[in-house]
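Asker: Here's a structure for you.
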Amino acid sequence: MRGERAAAPRRRSVLGGLLGGLALGAAGCTQGREARPAGETSEQRELEVFSWWAGAGGEATALRVLIDRYARLHPGITFVNAAVAGGAGVQARAVLEQRLQTGRPPGSFQGHAGPELLDHVRADRLQRLDDLITGTGLADAMPEVLADRLRTDGHLHGVPVTLHRANLLWYSPRVFELAKVDGPPEDPESFVETLEKIAAAARLPLALGEAWTAKHLLETVLAAELGAAGYERLWGPEGDWRGPDVRRAIRTFRSLLRRTDPDAGTLTWQEAATLVTEGQAGCMVMGDWVYGLFAEQGRRPEEDYAWAVAPGTDGVYQWLSDVFTLPKGVPDAAAARAWLRVCAEPATQRRMAQVKGCLPPRTDAMDGIDGGYLGWARDAWEKDTPIGSLTHGGVASNAWAGEIDRALTLFLSVRDSTRFTEDLAAAADRHAGS
């Protein structure tokens, strides 16, 4: 799929464009079609990058930071923005899978650190990036927990560009005041009580959107009820999906769903989050890309919105990281490697993260981040216990996550907790530890 072509400056000279690509892509350019010899001038070079950053909320703007930087460094390469809209990459991943299966890989594509990326490695679709990541200093600057989720058989296959937090509650101070709620709830029980008070104040208690936002809510409830260690055990062979903690989490999840809009599935995550800042809804459980949306909309913290950890997850940092890759068989591997080097730059990561509403994945790009949400997030990252995100590819394979999606779709329709628990447990029996 081809998206819009970025308005990159045209090639000043073939030699200049090639030298720019080679300067950034020289290390380890061994697969795919490399930079053309200087004498070959008949073909304009281009790079197609596939992502799901096509919507509002800092997504397209953050991608533009990377595109503009790439265009400045490599004016001889036309950038093709093949972004497919849709939160959490649900639609984009389906389109990408079809392209990969039919041998039409883009120059680079977006993924998530963790088992989601591992699936592509196991399918022998990705080139190793150890030399590039080491050469840019990223190998030494990445948090170890992130490097572990990117490393397979001792090799790295993706360049991280974000470090997001998932377990957050975004709420309306005006609605909380109207409902006589003193502050953000601290545990699942008080969360349910808070939603009851907001409902009594004639406001939508809990904003929810398209299906993946319900999955996002579920993962934070699991983390709240099981704790960091219990939650992480769920994704290994020792996880007990039929145990009392999971059953309690599903009961809590069902109680929370009762205070959402029955038609929530028709909303994007951006539309659902905006209900909070407009005073129509009390709160929403969502990742910190919401901060990027609110900043883009000009919303004022502490007036239009405020944030806290998701109830019951204080001291836990449920994280995820967007990464860009180098597929095998790409038309111009040198152009793609040049893109990945831009993605790895500390200053570029820092600028992009500020727009996106997250921390940069390079610790040396976090220096000087103080105040506001990002300063708060940095302090939390340094002291809290990190755990992976289900919804965003960090803990379960694509096949396992797909089974969870199907079980959740049924549960959202019939609200049968016993059936849902057993469906989740059966999926874990098939996939945990694989």
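Asker: Which whole-percent values make up P(r) of segment 51-93 when all C-alpha to C-alpha distances are grouped in 10 Å steps starting at zero?
Answerer: Cα pair-distance distribution for segment 51-93, in percent: 30, 46, 22, 2.
Asker: Something else now. Sequence gap at least 6, Cα distance under 8 Å: using those rules, report the relative contact order of the chain to the nearest whole percent. Walk me through the numbers before you get to the answer.
Answerer: Details: 835 pairs, mean separation 114.9, N = 434.
Value for the chain: 26 percent.
Asker: For segment 255-263, just list the computed ³J(HN,Hα) in residue order, Karplus coefficients 6.51, -1.76 and 1.60, θ = phi - 60°, integers in Hz, with x standing in for Gly and Pro.
Answerer: In residue order, the calculated couplings are 5, 5, 4, 5, 10, 10, 6, x, 9 Hz.
Asker: How big is the equivalent ellipsoid of the chain along its three axes, where each semi-axis is √(5λ) from the Cα gyration tensor, reported in whole Å from largest to smallest? If you can, show how the numbers build up before the last one.
Answerer: On the way: eigenvalues 298, 112, 71 Å².
After scaling each eigenvalue by five and taking roots: 39, 24, 19 Å.
Asker: Dipole of the chain, Cα-centred, from +1 at each Lys and Arg C-beta and -1 at each Asp and Glu C-beta, to the nearest 20 debye?
Answerer: Numbers: 48 positive and 57 negative charges, 286 e Å.
Its charge dipole is roughly 1380 debye.
Asker: At 0.36 nm per residue, minus the direct Cα-Cα distance, what do R254 and R72 gain on full extension? Give it in nm, one decimal, please.
Answerer: Details: separation 182, 0.36 × 182 = 65.52 nm, distance 5.05 nm.
Between R254 and R72, full extension yields an extra 60.5 nm.
Asker: Any idea what log10 I(q)/I(0) is at q = 0.13 Å⁻¹ for segment 291-434, Debye with uniform C-alpha scatterers and no solvent?
Answerer: So the normalised log intensities are -0.87.
Asker: Okay, moving on. For A123 paired with S417, estimate the spin-label separation in nm (one decimal), with each label point 7 Å from Cα along the Cα-to-Cβ line.
Answerer: Calculated label separation equals 3.7 nm.
Asker: What ranking do 44-54, 285-295 get when scored by the average of other Cβ atoms within 10 Å per residue, highest first? Please list the in-between numbers first.
Answerer: Values: 44-54: 22.1, 285-295: 25.7.
Order by mean packing, descending: 285-295, 44-54.
Asker: Fewest to most neighbouring Cβ within 10 Å: what's the order for K356, K180? Each step should come with its number before you reach the end.
Answerer: Details: K356 28, K180 10.
Taking fewest neighbouring Cβ atoms as first place, the list is K180, K356.
Asker: Something else about it: When the Debye formula is applied to the Cα atoms of segment 332-372, each taken as the same point scatterer, what base-10 log of I(q)/I(0) results at q = 0.24 Å⁻¹?
Answerer: Results for segment 332-372 at q = 0.24 Å⁻¹ read -0.76.
Asker: Here's something else I'd like to know. Quick one: length gained pulling T409 to E196 fully straight, 0.36 nm per residue minus the C-alpha distance?
Answerer: Values: separation 213, 0.36 × 213 = 76.68 nm, distance 2.49 nm.
So the chain would gain 74.2 nm between T409 and E196.
Asker: Still on this structure: Below 30 Å, Cα to Cα, which lysines can K215 reach? Residues fewer than 8 away in the same chain don't count.
Answerer: Hits, sequence-local ones excluded: K180, K197, K356, K383.
Asker: Between E303 and Q44, what is the label-point separation in nm under the 7 Å Cα-to-beta-carbon projection?
Answerer: My value for the distance between the label points is 4.6 nm.
Asker: Give the residue list of GluC sites (Glu not before Pro) in segment 230-277 that are DSSP loop and have at most 16 other beta-carbon atoms within 10 angstrom.
Answerer: Working: sites: E232, E238, E271; in loops: E238.
Hits after loop and neighbour filter: E238.
Asker: Using bins 10 angstrom wide from zero, how does P(r) for segment 37-157 break down, in % of all Cα pairs?
Answerer: Percent of pairs per bin, in order: 11, 34, 41, 13, 1.
Asker: Moving to a separate point now. If one puts a single equal scatterer on every Cα of segment 309-381 and applies the Debye formula without solvent, what log₁₀ I(q)/I(0) results at q = 0.28 Å⁻¹?
Answerer: The Debye formula, applied to the Cα set alone, gives -1.32.
Read-outs: derived from the displayed coordinates by stated rules, not from any lab. Model, not experiment: these values are computed from the prediction. Glycine gets a Cβ as well: all are built from the backbone with ideal geometry, and neighbour counts include every protein chain shown.
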